[in-house]
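J.: Before I ask anything, let me first share the structure, which is written out below as structure tokens.
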Amino acid sequence: MLQALEGSQAIAQAVALCRPQVIAAYPITPQTHIVENISKLVADGKLQCEFISVESEFSAASVVLGAALAGSRTYTATASQGILLMAEVLFNIAGMRVPIVMTCANRAVSSPLSIWNDQQDSMAVRDAGWIQLYCADNQEAVDTTIQAYRIAERTELPVMVCMDGFTLTHTLEGIDIPTQKQADTFLPPYEFSRTLNPRDPLSLGTLVTPDYYTEARHSHHQALLNAQAEIVSADQDWFAISGRKCGGLLSVEGPEQAKTAILTIGSVLGTLREALEEFPPGQPVKLIKLRSFRPFPAETLKAACKELDDVIVLERALSPGSGGIIGLEVLAALSELPKPPRVHNFAAGLGGRDIPLEILPTLLSTLNEPSDKRFKIIDVELEKLPEEDR
Amino acid sequence: MTTETAIPISKLRKKQPRFRGLESGHRACLGCGEALAARLVTESAGPDVMVANATGCLEIFTTPWPESAWRIPWVHSLFENAGAVAAGMEAALKAQGKSTKVLAFGGDGGTFDIGFQALSGMLERGHNVLYVCFDNEAYMNTGIQRSSSTPHAAMTTTSPPGKERMGKRHLKKDIVSIVAAHHIPYAATASIAYPSDIRKKVRRAMAIEGPTFLQIHCPCPLGWGHEGDHSITVARLAVQTGLYPIIELERGGLANVMPLRNIRPMTEYLKMQQRFRHLFTDDLRAKEELEHLQAIADHNIEIYGLRSDGGKDAFDSEGMDTVRRGGMRWA
């Protein structure tokens, strides 16, 4: 049954359906509504769990780590500065191969201070060793949250569910909240394989010399690559229960014969769908929604792009001094194709700048422009800058 | 009459089973106070515990993978989050209806400095955790750098004496008072010189439902510059001079102290350690710093009322049993 729910409210309900035993969080815009809603569920007795309001994001991540090691299903959520403060613990959680689910309400990173949406925060910790799944709308965020627990628990890898701050977290949509029975069927009670137990003591997080460190890293890398199958199967199995799917690793929509595709992550997909109706392009255009950024689905992407002439990558973050982040990875993957498509890489919508429907004709117009730049912030207003910064 | 089953007392003592949470064979330096303290704490805490250990010597010397000296569930996450990891473990056990007690272990760096925020959060939220700070008064694991626990005027690699300096310029942070100011049920200091006092305090803390804190003075022969077989003597002198008061605080108020029967001259303690050797030179500033340190000892004796009435007390600095000497009760 569809209900009009704010994204954060829906996430709180989805988390409750997963029966976490320990939740720890620290408030940060735009994640706050999620933890406020969870607090209310706990206060009303609708969610039985230990809810710990910690004194920092660093401790939020540390508390859920400790709780997971002691055998509980856990949850936390954060954004932006919070992710960066957590960064050290995020690497630690992943390296210890602990299943934890976290929502990242994507937000720009200071300085300059911005509370609004882009995806610089989760991109900054892309190498932490977490699975990162990006959501195009709030229904996907609900379904992905539930799937994330199964993926995390089967792979013993932490999963970050990324949803655009404000654009999704603070927006009302018609959302189908699954039933408890559906969630329980999909997500049976879980026992962590290395639970701390005085009857069978283990030492975790030990010092590793160069004799073994490389092997630990290799096995972590391999586990992330192997997680692709779990991400796909979780989506399929959830479809069998709920009738909805989120697109596995990535999904493609649009005319079969299209030679041009626009690849995005997150909620900008909705803008592009609408723009294709508002400004029908001269040539057929496909949309590629990259859902899994880590693991990066290179093979699936190559299969989706092998007939294309042009791939436009539109992202909401950048690596200053280099350029696009996703664009570079797409370029690297597609270069392995016998006839690689041209990759055009743009960033837009940084720090909450609105991405209007008009972005579609602007993006497509660049295909015919001779350009010596492989990356550009497409919506920058250079006239606001002094001459030397343009 | 001798029978075949007769065993000499010395051997019988060795055969007495005693739970060991930390086994021998780890890689601590000779005379390491921290290793001894950790063994005493885990012995008394018993097997039904789990530990969150901050980064530091204790973590490094006990667990070079794939070896481990721990016989209890033990996890090391990071330097500054032992309090928070322990809090999470406790919350999980509570949610699962289990009674296993959670311990958090940190050095002075992981407790006084970098892990202070996570510790404060853990205390404020009332988690049922015994936090043990192994206080060896500097960052020993990284090579003896000053921490906020390093005593005034002590030499470390980042507080060296020289033309412009006489060792650490600042005072040792009074962490136990700060911890007690969270109004937790129980906070105490102890010293490896007095093992039965440590045992007593651990048992006491274990019985309390709520956050408790134990700060144990642990000499570091390498970092302090004394012989490894002098660790106990050095630790005992720290107490006997008044420089390391042994106290207990309940709900923020002073509840008990270890009285000092024979207050020893502070220089006896300082002279045993290379970290204070610059204070025994002709430098006029050295004399001044010695006066400062004496003032600190006097202040401790005064505010905690450490001076005993001179009578024999099995719980005072001379009566409490201590390694190689026994106490009054064993004499």
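J.: Is it fair to say A:VAL313 is within 21 Å of the chain's Cα centre (by Cα) and in a strand (DSSP E or B)?
T.: yes
J.: Being modelled with pLDDT of 95 or more, touching a Pro at 6+ places or on another chain (Cβ under 9 Å) and closer than 18 Å to B:SER308 by Cβ, is that true of even one residue in region B:250-259?
T.: Yes, some residue in region B:250-259 is modelled with pLDDT of 95 or more, touching a Pro at 6+ places or on another chain (Cβ under 9 Å) and closer than 18 Å to B:SER308 by Cβ.
J.: Which residues, counting only those in region A:76-94, are surrounded by fewer than 22 Cβ atoms within 10 Å (Cβ to Cβ) and more than 7 Å from chain B (Cβ to nearest Cβ)?
T.: A:GLN81, A:LEU84, A:LEU85, A:ALA87, A:PHE91
J.: Go through (1) under 22 Å from B:LEU249 (Cβ atoms); (2) touching a strand residue (DSSP E or B) at 6+ places or on another chain (Cβ under 8 Å); (3) within 14 Å of chain A (Cβ to nearest Cβ) for B:SER177 and report which single condition fails.
T.: That leaves (3) as the condition not met.
J.: Just to be sure I understand the filter: pairs with C-beta atoms under 6 Å, separated by 6 or more residues or on different chains, first member in region A:19-30 and surrounded by fewer than 24 Cβ atoms within 10 Å (Cβ to Cβ), second member of a type in the set (Val, Ile, Thr) and in a strand (DSSP E or B). Which pairs pass?
T.: A:ILE28/A:THR78
J.: When you look at B:THR267, is it modelled with pLDDT of 95 or more and surrounded by fewer than 23 Cβ atoms within 10 Å (Cβ to Cβ), yes or no?
T.: yes
J.: For region A:31-59, which residues satisfy the criterion of being more than 8 Å from chain B (Cβ to nearest Cβ) and either crowded, with 24+ Cβ neighbours inside 10 Å or under 23 Å from the mean Cα position of the chain (by Cα) (or both)?
T.: A:GLN31, A:THR32, A:HIS33, A:ILE34, A:VAL35, A:GLU36, A:ASN37, A:ILE38, A:GLU57 - these are the residues of region A:31-59 that are more than 8 Å from chain B (Cβ to nearest Cβ) and either crowded, with 24+ Cβ neighbours inside 10 Å or under 23 Å from the mean Cα position of the chain (by Cα) (or both).
J.: When the residues of region A:140-181 are narrowed to those that are acidic (Asp, Glu) and touching a helix residue (DSSP H, G or I) at 6+ places or on another chain (Cβ under 9 Å), which ends up modelled with the lowest pLDDT?
T.: Result: A:GLU173.
J.: Next question, about the same structure. Within region A:205-238, can you find the residues that are over 16 Å from A:VAL98 (Cα atoms) and either outside the structural domain of A:THR155 (by TED's automatic domain parsing) or not in a helix (DSSP H, G or I) (or both)?
T.: Once the filter is applied, which keeps residues that are over 16 Å from A:VAL98 (Cα atoms) and either outside the structural domain of A:THR155 (by TED's automatic domain parsing) or not in a helix (DSSP H, G or I) (or both), region A:205-238 yields A:LEU207, A:VAL208, A:THR209.
J.: Please verify whether A:ASN117 is crowded, with 20+ Cβ neighbours inside 10 Å, touching a Cys at 6+ places or on another chain (Cβ under 6 Å), farther than 16 Å from A:ALA152 by Cβ and not basic (Lys, Arg), treating the condition exactly as stated.
T.: no
J.: Of the residues B:ASP282, B:ASP229, which is part of a loop (DSSP other than H, G, I, E, B), surrounded by fewer than 22 Cβ atoms within 10 Å (Cβ to Cβ), out of contact with any Lys or Arg (no Cβ under 9 Å at 6 or more places or on another chain) and not polar (S, T, N, Q)?
T.: B:ASP282
J.: State which residue is farthest from A:THR185 (Cα to Cα) when the search covers only region A:239-260 and only residues that are in a strand (DSSP E or B) and either modelled with pLDDT under 95 or not β-branched (Val, Ile, Thr) (or both).
T.: Among those that are in a strand (DSSP E or B) and either modelled with pLDDT under 95 or not β-branched (Val, Ile, Thr) (or both), it is A:GLU253.
J.: Identify, by number, the condition in (1) under 12 Å from A:GLY66 (Cβ atoms); (2) in contact with a helix residue (DSSP H, G or I) (Cβ under 6 Å, 6 or more places away or on another chain) that B:ALA54 doesn't meet.
T.: (1)
J.: Next question, about the same structure. Just checking, does region B:169-182 include any residue being hydrophobic (A, V, I, L, M, F, W, C), closer than 30 Å to B:ARG285 by Cβ and not in a helix (DSSP H, G or I)?
T.: yes
J.: Report yes if some residue within region B:166-178 is hydrophobic (A, V, I, L, M, F, W, C), within 29 Å of B:GLU43 (Cα to Cα) and in contact with a Gly (Cβ under 8 Å, 6 or more places away or on another chain); otherwise report no.
T.: Within region B:166-178, not a single residue is hydrophobic (A, V, I, L, M, F, W, C), within 29 Å of B:GLU43 (Cα to Cα) and in contact with a Gly (Cβ under 8 Å, 6 or more places away or on another chain).
J.: So for region B:8-30 (the condition being more than 25 Å from B:GLU90 (Cβ to Cβ), crowded, with 18+ Cβ neighbours inside 10 Å and either touching a residue at least 60 places away in the same chain (Cβ under 8 Å) or touching a strand residue (DSSP E or B) at 6+ places or on another chain (Cβ under 6 Å) (or both)), does at least one residue qualify?
T.: No, that holds for no residue.
J.: In region B:44-147, which helices (runs of 4 or more DSSP H) lie fully inside it and hold 1 or more residues that are under 25 Å from A:VAL208 (Cβ atoms), out of contact with any Pro (no Cβ under 9 Å at 6 or more places or on another chain) and more than 8 Å from every other protein chain (Cβ to nearest Cβ)?
T.: Helices (runs of 4 or more DSSP H) meeting the threshold: B:57-62, B:82-95.
J.: Okay, next question. Only residues that are of a type outside the set (S, T, N, Q), free of Cβ contacts under 8 Å to residues at least 40 places away in the same chain and either over 30 Å from B:ALA95 (Cβ atoms) or more than 14 Å from chain B (Cβ to nearest Cβ) (or both): list them for region A:185-224, please.
T.: Residues satisfying the conditions are A:PRO188, A:LEU207, A:VAL208, A:PRO210, A:ASP211, A:TYR212, A:TYR213, A:GLU215, A:ARG217, A:HIS218, A:HIS221.
J.: Among A:ARG154, A:ARG107, A:ARG97, A:ARG73, which is the only one that is surrounded by 22 or more Cβ atoms within 10 Å (Cβ to Cβ) and within 18 Å of A:TYR190 (Cα to Cα)?
T.: A:ARG73 is the lone residue from the list that is surrounded by 22 or more Cβ atoms within 10 Å (Cβ to Cβ) and within 18 Å of A:TYR190 (Cα to Cα).
The values are calculated or read from the model by the stated rules, or taken from the named source; none is laboratory data. Keep in mind that what you see is a predicted model, and the values were worked out from it rather than measured. Reconstructed Cβ throughout: ideal geometry from the backbone, glycine too, with neighbour counts over all protein chains shown.
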